[in-house]
Structures are given as C-alpha cells and as structure tokens.
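Student: The following block contains the structure, expressed as structure tokens.
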Amino acid sequence: MTLGVLAVLAMAFVMFAGFWTDWLWYRSVHYSSVFTTTLWTKIGLFFVFGLLMAASVGVNIWLAHKMRPPLSAMSMEQQSLDRYRMGIAPYKRWLLLAITSLVGLIAGASASGQWRTWLMWVNGVPFNQKDPQFHLDVSFYAFDLPWYRFLLGFGFAAAVLSLIAAALTHYLYGGLRITSPGARATAAATGHLSVLLGIFVALKAVAYWLDRYGLAVKSSDFKATGNWTGLRYVDANAYLPAKTILFCIAVICALLFFATLWRRTWQLPVIGFGLMVLSAILIGGLYPAIVQKFQVQPNEQAKEAPYVEKNLKATREAYGIDGTDVTDYPGASTTKDKTKLRDDADNAASIRLMDPNVVSPTFQQLQQVRNYYGFPSNLDVDRYSKDGKDQDTVIGLRELNLQGIPKSNWINDHFRYTHGYGVVAAKGTEADSEGRPVFTEYNLPSRGDLGQYQQQIYYGEKTTQYSIVGGPQKEIDYSDDSGEKTTSYKGKSGISLSSPVNRAAYAVAFGEPQILYSGAIGDGSRILYNRTPKERVEAVAPWLTIDGDAYPAVVDGKIQWIVDAYTTTNGYPYASRTTLGDTTADSLTAANNQRAVVAQQNQVNYIRNSVKATVDAYTGQVKLYQWDTKDPVLKTWMKAFPNTVESKDSISPSLMAHLRYPQDLFKVQRELLTRYHVKDAQTFLSGSEVWQIPDDPTNKSGDAVPPYYLSMKLPGQASQAFSLTTTMTPNGRDNLSAFMSVNAEAGTGDYGKITILKLPTGRTVDGPKRVQSQFNSEPSIAESIRLLKGGDSEVEYGNLLTVPLDGGLLYVEPVYVRGGDLKYPLLRKVLVTYGGSTAFENTLGEALNKVFGASSSTVPPENEGTTKPPTSNNPTVQEALNDAQKAFDKGQEALKKGDWQSYGEAQKDLEDALKRAEDAQAKADKTTGGSGNNADKTSDNADKSSDKSSGGG
C-alpha cells in the first residue's frame with residue numbers, strides 16, 4: 001500500500017512538474033495568456049465532448065437495460081447468457097461507470113486536440129471574398145467547414161458506439177435473440193435500435209450535404225495539371241447533383257427508421273437503407289464515371305476550361321502571386337558600346353563575391369578566437385548603411401559551441417559557458433588581396449562599423465541546452481590576451497530557482513537531480529531554456545508556421561533575431577495545395593540535412609507572411625508584429641489571443657531597415673509560378689508553358705537551386721533594390737525560360753512586388769546548368785582549375801548569380817580554394833559570362849573588363865582591407881612605425897598559417913609600436929608648440945591600421 005501510494009504521488013508530481021514549468025516559462029516571456037487560453041480551451045473541449053460521449057453511451061446502455069424483457073420463459077440461448085448476467089449483476093453500476101468513463105476520456109482527449117479548429121470557428125473573420133460555385137464567403141471553408149466536419153465525425157462516433165453498446169445490452173438481457181425461435185427482437189429493442197440507426201442515417205444525410213461544399217476544397221489528381229483543388233466539370237455536373245439526390249434519399253431513409261417507433265417493423269427502413277446504398281454506388285460512383293468517360297474526355301479542354309479559370313484565379317490570390325508582373329525580355333543585348341555595357345555592369349547589381357553558404361569556415365578560422373565559439377554553417381545576408389550608402393553584408397554571430405570547451409562537466413556546460421559573444425560581419429561584394437573577407441565587424445570583443453551594442457548572446461540558433469545564470473557561479477564572458485573575463489547575467493529572462501518547488505520541478509522536468517541540491521545554485525539563479533529563436537516564437541504563437549531561416553541584426557544597440565512567420569490554411573476554395581516541406585527544400589537545406597520549414601509536411605493552399613517576430617539575443621524577449629494588416633487568418637488568431645501581436649506601426653525605422661522578404665514564402669511562390677504564371681486556361685491545360693526550378697549547378701546533389709538575396713536593378717528601375725532572385729528553365733530542358741525576382745526591401749512601396757522576365761521561346765538562352773558546363777569545358781578555365789587543385793587543394797564554387805543587363809544576362813560565380821595548411825576557403829578567381837563571352841580572372845573587375853573588352857570609366861574604391869600603418873617625417877616616430885610595419889607583416893603571415901599564438905604576439909608588438917609612435921609624435925608636437933593635429937592624425941591612422949590588421953584583413 002505504501003509503495004502504491006508513493007508511486008501515485010511520484011507520477012502526480014511528474015505531471016505537475018511538466019505543467020508548472022510550462023506555466024513558469026510562459027509567464028517569464030509575458031505570454032501567459034497564450035498558455036491559459038490554450039489550456040482552458042483544451043479543458044473545455046475535453047469535458048464537453050467527453051461528457052457528451054459518456055452520456056450518449058451511458059444513457060443508451062441504461063435504456064437498453066430498462067427495456068429488457070422478463071426472463072421467465074428462458075431459452076437455451078438465454079440460459080447460456082445467464083451466468084454472464086449473474087456475474088456482472090453486483091458490479092453493473094461500476095461497469096457502466098467504467099465503460100462511460102473510458103469512452104468519455106478517449107472522446108475528450110480527441111476533442112481537446114481540436115482546439116485550433118474551435119478557436120478559428122468561434123473567432124472567424126470574413127475574407128470578404130466569395131467562392132465562384134456556392135457564393136459563400138471563403139471564411140466558411142477556412143473556419144466553419146472544418147468545425148462542422150469535426151462535429152459530424154463526433155456524431156458518427158457517438159451514434160456507432162451507442163448502437164454497439166445498446167445492441168450488446170439488449171442481447172445480454174434478452175431483447176435480441178440470434179438462435180432462439182420466434183421474434184428476433186422485442187418491440188422495445190426494435191424501436192430503440194431503429195432510432196439509433198435513424199440518427200446514423202440522418203448524420204449521413206448531413207455528410208452528403210456538407211460534401212457538396214467540400215467539393216470546392218477537394219484535392220484530386222488531374223492529368224492535365226497534376227495536383228488539383230476545386231470542382232471540375234464532372235464535379236459540378238455529376239457529383240454535385242448526385243450528392244443532393246443522396247441527401248434527399250438519406251433523409252427519407254432516416255424518417256423510415258424513426259417510423260419504426262410506431263410500425264414496429266424493419267421492413268421499410270431496410271428497403272430504404274438498401275436503396276440508399278445502391279444509389280450511392282450508381283449515382284455517386286457509376287454516373288460520374290460515365291460523365292467523365294463519354295462527355296469530358298472527348299473534349300476535355302473545352303469542358304474543363306471554365307473551371308481551370310476559377311482555379312487559376314483562386315490559386316494566384318491564395319498565394320499572393322496575383323500581382324506578378326510578367327514581361328518579355330530579349331535575352332541578348334543590342335548595345336554596341338562596350339564601355340557603356342561595362343559601366344552598366346557596375347551599376348546593375350552589387351555582385352556578392354562572399355557566398356554566405358561557403359565562407360562560414362573562413363569566419364570560423366579567422367574570427368572564432370576560442371574553440372568554444374562557433375558560427376552557423378550558413379551565414380546570413382543583410383544590409384547595413386555606412387556614409388549614407390547601403391552595403392550588402394555577410395553576417396554571423398559568434399555563438400556558444402559546447403563541443404569546443406576545454407573540459408566538459410555539468411558545471412562548465414550549464415554554469416560557466418553560457419553564452420556567445422559578438423557579431424562578425426564582412427562586405428559581401430569585396431575580398432582582400434589574399435581572398436579573405438573584408439571584415440566590417442571583427443575581433444573579440446567585436447569592434448567595427450556597427451557601433452556599441454550588447455554583445456553577449458544568450459539566445460541563438462546553436463544554443464540548444466539550458467543554462468543556469470545569475471547565481472553565485474560566475475560565467476565566462478570572453479577571453480583575450482589578458483585572460484578570462486567573467487560576468488553574471490543581469491537580464492530578467494528565465495525562471496528563478498530560489499523556490500525549492502521550482503528547483504524540484506525543473507530537476508524532474510530535465511531529469512537532472514543536481515538542480516535540486518547543487519551549491520552552485522543560490523540567490524539570483526535563473527534557468528534559461530527554449531533558447532533558439534524558432535523555439536521561442538513557436539511556443540508563444542503555436543498557430544504560426546515558422547520560416548526556416550532566422551537571421552540576426554544589430555538594432556538600436558541590441559542583437560535581435562528576426563523570424564518570419566506565416567498564417568496558413570488548406571481551406572481556400574479552388575486554390576491548389578502544396579506541401580511546405582517539399583516545396584521549400586533546396587540544395588542548402590539538403591546539405592544541412594533538414595527541411596527549410598521543419599516538419600511542415602502538411603498541405604496548405606493559402607499562405608501569408610503575416611507576422612514579423614524578433615527575439616532579443618540577450619534577454620530572450622519575444623515580440624510579434626502584425627505585418628500583413630489585411631490577412632483574415634491573422635485577424636482571427638488575434639481575436640483568439642488578444643494583445644499578443646503588436647501593430648505594424650510599432651516597428652521602429654531601425655528594425656524596418658533589416659526586415660526582408662522571406663525565403664520560404666518565395667520558394668513556395670516560385671514553385672506555383674512555374675505553372676500559374678499563365679492566365680489563359682487553354683495554355684495552362686496544354687502544358688506548353690510549364691517551367692521548373694533548375695538543379696543547383698554548383699554541386700552534384702540534384703537538388704533545387706536556392707534563391708539568392710542581391711541588391712540589383714531591374715530593367716526600368718532607376719536604382720538598385722535589395723531583392724530575392726531565382727531562375728527558371730523549361731520543363732525537362734536546361735535553357736533559361738525566366739528570371740524571377742521580388743523586391744525584398746521592407747518599408748518601400750514596391751516591397752513584395754514579384755517580377756518575371758520571360759525569355760523568348762524562339763531562341764535558346766543558356767540557363768545556369770549550361771553556363772556552369774561552359775565554365776567547366778572551357779580549355780583555359782579547365783586548366784586553371786586543374787592548377788588550383790594542385791596538391792591537396794580543393795576548389796569550391798560559390799553562388800552562381802544571374803543579373804539582367806541591357807537585355808542580356810550576366811552570370812557571375814566566385815571560385816574558392818581550400819588547400820594546404822589552410823582549412824578554410826579563400827576567394828581566388830571569379831567566373832563571368834555574358835553574351836557568349838567568358839572570363840576567369842583574379843578579380844571581378846578584371847573578369848568584367850575581359851568579358852566586355854573595355855575598362856570601367858569609374859574609379860574603383862580603395863580596398864580598405866589592405867590598409868597598412870602610416871608613415872611620418874619624425875625619425876623617432878618613423879622608427880616606431882617601421883617596427884609596427886614589421887609586426888603587421890608578421891601578423892599577416894601568422895594569420896595565413898593559422899598560427900594564433902604567433903598572431904597574438906605580433907598583435908601585441910604592433911600595439912606597442914603604435915603606442916610608441918603616438919607618444920613620440922605627441923612629445924614632438926609639445927616640444928615644437930604644435931597644435932597637435934599631426935599627433936591626432938598619426939594616432940587616428942595608427943588606430944585604423946591596428947583595427948584593420950586585427951580584423952584579419
């Protein structure tokens with residue numbers, strides 16, 4: 001007994017621990033209303049539908065028992081059942097309670113899982129758009145129909161279970177007989193079971209009626225278009241009238257079953273039920289097949305064209321591609337002035353040479369600094385302004401990497417090493433003379449163009465386990481030449497462990513008993529968990545679908561993770577469905593062994609980027625901003641969870657500058673636009689204009705090419721705009737059929753505008769795969785690549801960028817080499833092709849000059865990455881600067897070899913030499929009574945030189 005009680009108490013505390021820690025977490029992020037609304041909705045559905053199911057089954061068992069016949073004249077069949085009746089007689093009340101409780105628990109648990117369906121139905125907001133067949137608002141299909149279908153399914157389950165329970169009870173107590181002579185059922189049993197069968201058939205009538213509306217959102221396989229949603233000719237002219245007829249038959253059949261209460265015979269109901277089954281086969285199955293075979297197939301395009309037009313219109317509206325601008329593009333330049341073409345190439349785009357998906361190891365090698373820091377395998381592209389000009393920037397955070405800590409144990413893993421430190425950023429369009437990134441934010445602590453900001457990173461994509469901070473145990477902040485710097489978390493994030501109950505709950509929740517008694521936990525200790533941006537946004541907004549790529553930005557002195565989130569539904573009438581997990585997969589997600597939209601294998605046919613979310617990298621604070629102010633799905637969820645989403649006006653200008661068009665939405669839209677770029681039903685049905693997403697030509701994975709962010713200028717635009725771009729090829733061919741881009745610059749009037757440049761079908765324009773093949777087959781290029789691969793070097797191809805230029809298409813691809821003692825890729829060559837001319841040169845400028853046969857008329861900016869220490873006329877200062885030059889060169893050599901010890905020594909020598917130069921210049925100015933301007937200049941130049949050399953270029 002004692003052990004049993006203890007076991008029950010232990011299980012109860014485990015359940016309590018899960019509930020209590022969830023409540024504490026939601027309260028800590030100030031989204032407790034999400035937890036309570038979800039919890040009470042689940043509890044309400046559980047009890048309401050659990051009690052309804054239990055009552056339904058229990059009442060029918062009670063009625064069947066009450067209607068039992070007298071057993072005075074017992075047959076042999078009843079005598080054999082007598083021992084069962086005698087056995088359960090003392091426990092019949094408890095047995096009834098057990099049966100009803102079991103079915104109630106199962107039904108309640110199933111109903112609680114429908115909390116989203118309930119909240120969308122009760123809070124539904126109209127779309128103010130009607131479907132073309134039944135002229136009902138789209139909200140009926142998105143919000144109402146799913147709830148009605150759940151109620152119908154629940155009704156069927158209750159009717160069937162009640163029928164089975166009542167039949168078994170009648171049989172057990174003699175109301176039904178199988179082998180006994182005479183009547184097989186008593187009048188009471190006949191009436192009771194007939195009513196239950198009548199309810200079942202009545203529900204079937206309701207199902208037939210709802211199926212009529214379900215045709216508008218029904219998915220089917222259509223040979224001409226593949227996946228199809230909505231009514232086709234056979235649906236409108238065969239299935240729809242068939243469902244109406246079957247509804248009428250089912251109503252009549254149900255009335256016949258109810259009539260047995262007076263007639264006490266099953267003859268007419270059984271005939272009616274048989275007629276309904278036969279009608280379902282003939283009218284609901286055979287007749288539509290005949291219509292399809294003899295009316296549709298002989299003239300399919302003419303019959304299906306009106307319905308295809310509805311599908312085209314609905315699909316384009318549902319995916320936000322109805323405003324796509326499709327324009328013809330010649331694919332070849334007619335400009336004869338080579339100098340003009342060369343200058344236009346400089347202005348057409350800020351061509352990115354630092355591929356964020358390749359240079360992560362370079363960031364790691366040059367800016368990791370300590371083994372317990374790490375960068376994601378794919379860095380991000382953002383825009384930062386300097387001197388009034390936007391610069392495409394490759395950016396990554398120096399996040400905590402526990403695999404690199406010197407000694408792994410519970411204290412180190414959870415108390416000492418708790419956070420990453422600092423941003424590392426580099427120009428996307430430049431490399432230094434050694435092929436390394438030109439860093440604009442570098443070193444530890446980070447310094448550069450981003451100014452002052454909170455550098456500790458407690459929340460990030462690589463931060464996947466809990467930490468306990470703020471207590472007596474000091475944390476390692478960062479390390480430099482002077483040793484380790486420690487800190488203690490000052491944020492209000494996380495949950496306090498000062499309470500013994502909290503400590504016990506987390507000890508159970510995390511399966512770590514040391515949390516309960518460890519002396520490292522004391523006053524002020526707080527536990528941080530759910531630390532990835534995706535986890536936090538998913539938790540506070542479980543009704544959103546999260547984009548696969550959260551990216552960091554420095555905003556108002558803080559590092560903010562920006563997360564795009566979507567509202568979706570699969571109930572938009574006539575709009576074709578797509579599977580998010582498959583549609584958003586490409587070569588990058590395959591290389592990382594993950595889906596871009598993780599675990600989103602559900603099909604949807606409506607999607608909006610309705611929410612922009614931010615997660616503070618230091619405090620973990622989550623903010624949700626309404627981005628799409630017209631989206632009825634978001635408005636519905638905002639009614640269900642009031643005060644959780646802030647208005648769009650709350651987005652600060654500094655945050656707006658870093659918002660962008662999300663990749664996953666763009667991938668979904670480009671997949672749909674391979675077919676839905678046409679507006680004519682006949683062309684759509686013929687399939688002659690179907691495109692495809694080409695495979696990534698830079699690798700042999702066979703996966704789709706990813707879209708690329710790029711600041712570029714489309715034909716007719718006055719200036720460059722930050723854009724997301726991709727290419728498309730004809731189905732089954734490698735020539736180019738279209739170039740697609742979307743304005744990704746939030747806050748501008750053209751944000752979200754999709755443009756497709758359609759290439760002519762009468763001539764062949766090389767696509768990405770053919771361009772890559774030309775690169776590889778060019779003899780001189782092939783020989784150069786062979787030389788680059790000498791020894792143990794490896795050649796890596798960067799992003800193959802496509803840029804529209806004067807009617808033609810400019811392709812640019814950076815080529816990296818990873819070899820020798822260097823374990824990271826360096827930019828060595830740039831491949832460029834335009835109009836059939838190809839170049840393979842050391843720099844982009846040289847490659848463009850060769851391709852166009854002309855030099856740019858603009859003077860290229862000085863490469864700040866090669867800045868070296870200054871000179872002076874003062875002999876003492878010059879001697880110190882000469883020493884600084886030697887230290888600088890020594891540091892660069894050590895950097896190339898990855899010798900961090902020598903690099904650190906060289907940096908120290910460099911700082912000493914520059915300090916001597918500054919002191920000597922200041923002394924000279926004081927002696928000569930100078931104003932100090934020269935000293936200031938020498939000091940500024942020295943600081944600049946030191947910063948750049950410390951940045952590794």
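Throughout, read-outs are computed from the coordinates displayed, never taken from laboratory work. Quantities reported herein were computed from a predicted structural model and do not represent experimental measurements. Cβ atoms come from the backbone with ideal geometry, glycine included; neighbour counts cover every protein chain shown.
Student: Would you mind computing, in nm to one decimal, how far apart the modelled labels at Val48 and Asp337 are, each placed 7 Å from Cα along Cα→Cβ?
Tutor: Reported label-point gap for Val48 and Asp337 is 7.3 nm.
Student: What FRET efficiency comes out for Leu6 versus Leu275 if R0 is 60 angstrom and r is the Cβ-Cβ distance? Round to the nearest 0.05.
Tutor: 0.45
Student: Using +1 at the C-beta of Lys and Arg and -1 at the C-beta of Asp and Glu, which of Gln603, Phe200, Gln133 has the Cα lying farthest in the positive direction of the dipole of the chain?
Tutor: Farthest along the dipole direction, towards plus: Phe200.
Student: Which net charge results for the neighbourhood of Gly323, defined as the other residues with beta-carbon distances under 9 angstrom from its beta-carbon, given Lys and Arg at +1 and Asp and Glu at -1? The partial results should precede the final answer.
Tutor: Numbers: positive: Arg316, Lys753; negative: Asp322, Asp325.
The answer is 0.
Student: Along the Cα→Cβ direction, 7 angstrom out, place labels at Lys679 and Asp912. What is the inter-label distance in nm?
Tutor: Using points 7 Å along Cα→Cβ, the separation is 7.5 nm.
Student: Beyond a 24 Å Cα-Cα separation, which of these cross-linked pairs lie in this structure: Lys42/Lys639; Lys485/Lys890; Lys389/Lys648; Lys336/Lys753; Lys823/Lys890?
Tutor: On the way: Lys42/Lys639 17 Å; Lys485/Lys890 27 Å; Lys389/Lys648 26 Å; Lys336/Lys753 32 Å; Lys823/Lys890 20 Å.
Violating the 24 Å Cα-Cα cut-off are Lys485/Lys890; Lys389/Lys648; Lys336/Lys753.
Student: Taking neighbour counts of Cβ atoms within 10 Å as a proxy for exposure, in what order, fewest first, do Thr486, Thr41, Thr589 appear? Intermediate results must be reported in sequence, preceding the final value.
Tutor: Numbers: Thr486 12, Thr41 18, Thr589 23.
If I rank by nearby Cβ atoms, fewest first, I get Thr486, Thr41, Thr589.
Student: Using 0.36 nm times the number of residues separating Ala259 and Asn412, minus their current alpha carbon distance, what extension gain do you get?
Tutor: Roughly 47.3 nm would be gained on extension.
Student: In addition: By how many nm would the segment from Asp792 to Lys558 lengthen if fully extended, with 0.36 nm per residue of separation less the alpha-carbon distance? Write down the numbers at each step before the final one.
Tutor: Working: separation 234, 0.36 × 234 = 84.24 nm, distance 4.26 nm.
That works out to 80.0 nm of additional length.
Student: I'd like to know which of Ala431, Val678, Gly524 lies farthest towards the positive end of the charge dipole of the chain, counting +1 on Cβ of Lys and Arg and -1 on Cβ of Asp and Glu.
Tutor: The residue sitting most towards the positive pole is Val678.
Student: Okay, next question. Using a 7 Å offset from the Cα along the Cα-to-Cβ direction at both Val122 and Glu905, what is the distance between the two label points in nm, to one decimal?
Tutor: For Val122 paired with Glu905, the spin-label model returns 7.3 nm.
Student: Could you tell me how many cubic angstrom of Cα convex hull volume the range 14-185 has per residue?
Tutor: Spread over its residues, the Cα hull of the range 14-185 gives 160 Å³ apiece.
Student: Counting alpha carbon pairs within less than 8 Å and at least 6 residues apart, what relative contact order, in whole percent, applies to the chain?
Tutor: 12
Student: Calculate the FRET efficiency for Ser499 and Thr748 from the Cβ-Cβ distance with a Förster distance of 35 Å, rounded to the nearest 0.05.
Tutor: Here the calculated transfer efficiency is 0.10.
Student: I'd like the FRET efficiency for Ser479 and Asp22, computed as 1/(1 + (r/R0)^6) with the beta carbon distance as r and R0 of 41 Å, rounded to 0.05.
Tutor: 0.65
Student: Over the range 368-490, what portion of Cα pair distances is larger than 25 Å, expressed as a whole percent?
Tutor: More than 25 Å apart: 28 percent of the Cα pairs in the range 368-490.
Student: Please report, ordered by residue number, every helix of the chain (full DSSP H runs) that is 30 Å or longer along its axis going by C-alpha atoms and whose mean Kyte-Doolittle hydropathy reaches -1.0.
Tutor: 2-28, 32-66, 145-172, 187-214, 240-263
Student: Counting only the backbone N, which residues of the range 528-568 are under 16 Å from the spot 7 Å out from the Cα of Gln465 toward its beta-carbon?
Tutor: Zone members listed by number: 528-532.
Student: For a quick size check, give me the Cα extents of the chain along its three principal axes, largest first, whole Å.
Tutor: Its Cα atoms span 130, 80, 52 Å along the three principal axes.
Student: Between the range 699-725 and the range 632-682, what's the alpha-carbon centroid distance in Å?
Tutor: When both Cα centres are located, 19 Å separates them.
Student: So how far, in whole Å, is the C-alpha centre of the range 197-221 from the one of the range 298-375?
Tutor: 43
Student: Which entries of Lys130/Lys667; Lys679/Lys713; Lys310/Lys623 have Cα-Cα distances beyond 31 Å here?
Tutor: Exceeds cut-off: Lys310/Lys623.
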